[in-house]
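What follows is one structure encoded as structure tokens, with my remarks underneath.
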Amino acid sequence: MKSLALFNNKGGVGKTTMTFNLGHMLARQGREVVLIDCDPQCNLSALALTEGELEEVFASDASMGRTVAACVERVRIGNGELYKPALLELAEHLSILPGDLTLSRFEGKLAKAWPEVFSTDAESAVFVTTAIERLAEGLAIEHDVDVVLFDVGPSLGALNRAVLLACDAVLIPLAPDLFSLRGLENVGEAMRDWKDDWGQARIRIQQAQTRTAGRRRDGRGAPREHAMEPIGYVLQQHLAREEVPLKAYSRWAEQIPAYYRRFVLGQESEPAPGQAADPHCLGHLRHFASLVPLAQAARKPIFDLKHADGVLGTQFQLVERARAEFKALAQKVLQRLDAA
């Protein structure tokens, strides 16, 4: 199983829409895919499920494990075991574990546990910190999952830190604007700090276990180290006029390769190519503005929209273009994941 988060400190770059559509396309490449909604705002869940389905999910008992928040509820209130997750099937080879606004209550627990993982007696804090990791790995084993795809909010808080620590890879959605460039600075620094700090914590955990010959209370050894490897970025909301980006947007797009190398990869001395030739760019997604509300209403990926969903005239060309672009993106993502 490979775990992937789509993450950017800048909101409004179409991250959730991309997660939903990419998940569908990865499933169509023959992979077993699970979407995990770790954004307390639940935008992915609202995109994938009807209001009636969500109402039923939220009304269920926590022990049924029908949301991320429900699965970690016992951990939140007292270091109990995770509830077994119950997935909802969206399509062939594609399922979702919905989010819930109550997941935000778990963030305080995660924030409190983080400094404690560096102490000599950190078992309880480690148990909390690794809850998302253990949730993903458990459902992957239970359901024979190939790819776990996380959707997260744009914050650099404790919840997103826990999610990224559970990830093998990170894909960064970007828009060609100043704020996306600034977001790359934050994302790169945060990811390096989290990975370095967690590496030091894992050494302490392993040393403590060696001294005491103990085990974590769930019967496992030290938490597995996930690579949290940046596998590239996707340029979204690529506004174009006759296939040529508007000059103002092109200005920002051309700076992305250098920013990505410097702030995300830490390669300040590496020369950066032009944006169109950058191997770290896994795709350019057009601005499918007129199709997005139709897809949201139909709860379908953009590339599945039909006349019955409200598609008219030249919009059919956009649907075909979306299918081609997401298929190419999914294939590149799988190549990077398989190599990670």
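What do you reckon, is Arg66 among the basic types (Lys, Arg), crowded, with 19+ Cβ neighbours inside 10 Å and at pLDDT 95 or above?
Against the criterion (among the basic types (Lys, Arg), crowded, with 19+ Cβ neighbours inside 10 Å and at pLDDT 95 or above), Arg66 qualifies.
Conditions tested, residue by residue: (1) closer than 24 Å to Ser45 by Cα; (2) assigned to a loop (DSSP other than H, G, I, E, B).
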| residue | (1), (2) |
| --- | --- |
| Tyr249 | no, no |
| Glu268 | no, yes |
| Gly283 | no, no |
| Gln296 | yes, no |
| Gly313 | no, yes |
| Val333 | yes, no |
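Are any residues in the stretch 295-335 without any contact (Cβ under 8 Å) to a residue 24 or more places away in the chain and of a type outside the set (A, V, I, L, M), and if so, which ones?
Lys300, Lys306, His307, Asp309, Gly310, Gly313, Thr314, Phe316, Gln317, Glu320, Arg323, Gln335
Would you please name the residue that is nearest to Phe20 (Cα to Cα), looking only at residues in the stretch 77-118 that are touching a Gly at 6+ places or on another chain (Cβ under 9 Å) and free of Cβ contacts under 8 Å to residues at least 40 places away in the same chain?
Only one residue tops the list, namely Ala86.
Given the conditions (1) within 18 Å of the chain's Cα centre (by Cα); (2) surrounded by 23 or more Cβ atoms within 10 Å (Cβ to Cβ); (3) not in a loop (DSSP other than H, G, I, E, B); (4) not hydroxyl-bearing (Ser, Thr, Tyr), report the number of the one that Glu107 does not fulfil.
Against the list (1) within 18 Å of the chain's Cα centre (by Cα); (2) surrounded by 23 or more Cβ atoms within 10 Å (Cβ to Cβ); (3) not in a loop (DSSP other than H, G, I, E, B); (4) not hydroxyl-bearing (Ser, Thr, Tyr), Glu107 comes up short only on (2).
Of all residues being of a type in the set (A, V, I, L, M, F, W, C) and crowded, with 20+ Cβ neighbours inside 10 Å in the stretch 89-104, which is farthest from Val163 (Cα to Cα)? Just the residue, please.
Going through the qualifying residues, I end up with Leu90.
Identify, please: which residue in the stretch 136-159 is among the charged types (D, E, K, R) and over 24 Å from Gln236 (Cα atoms) and is, among those, surrounded by the fewest Cβ atoms within 10 Å (Cβ to Cβ)?
That would be Asp144.
Take the residues in the stretch 233-288 that are among the aromatic types (Phe, Trp, Tyr) and farther than 12 Å from Leu184 by Cβ; name whichever of them is modelled with the lowest pLDDT. Full working, then the answer.
First, the residues of the stretch 233-288 that are among the aromatic types (Phe, Trp, Tyr): 233, 249, 252, 259-260, 263, 288.
This time we only want the ones that are farther than 12 Å from Leu184 by Cβ, so: 249, 288.
Working: Tyr249: 78, Phe288: 82.
By that ranking, first place goes to Tyr249.
Take the conditions of a type in the set (A, V, I, L, M, F, W, C), part of a helix (DSSP H, G or I), out of contact with any His (no Cβ under 6 Å at 6 or more places or on another chain) and touching a residue at least 40 places away in the same chain (Cβ under 8 Å) and apply them to Leu156. Does it pass?
no
Pick out the one residue from Ala162, Ala166 that is modelled with pLDDT of 90 or more, surrounded by 21 or more Cβ atoms within 10 Å (Cβ to Cβ), touching a His at 6+ places or on another chain (Cβ under 9 Å) and farther than 30 Å from Arg251 by Cβ.
Ala166
The values are calculated or read from the model by the stated rules, or taken from the named source; none is laboratory data. Only a predicted model underlies this, so the values are computations on that prediction, with no experimental measurement involved. Cβ sites come from the backbone with ideal geometry, for glycine too, and all protein chains shown count toward neighbours.
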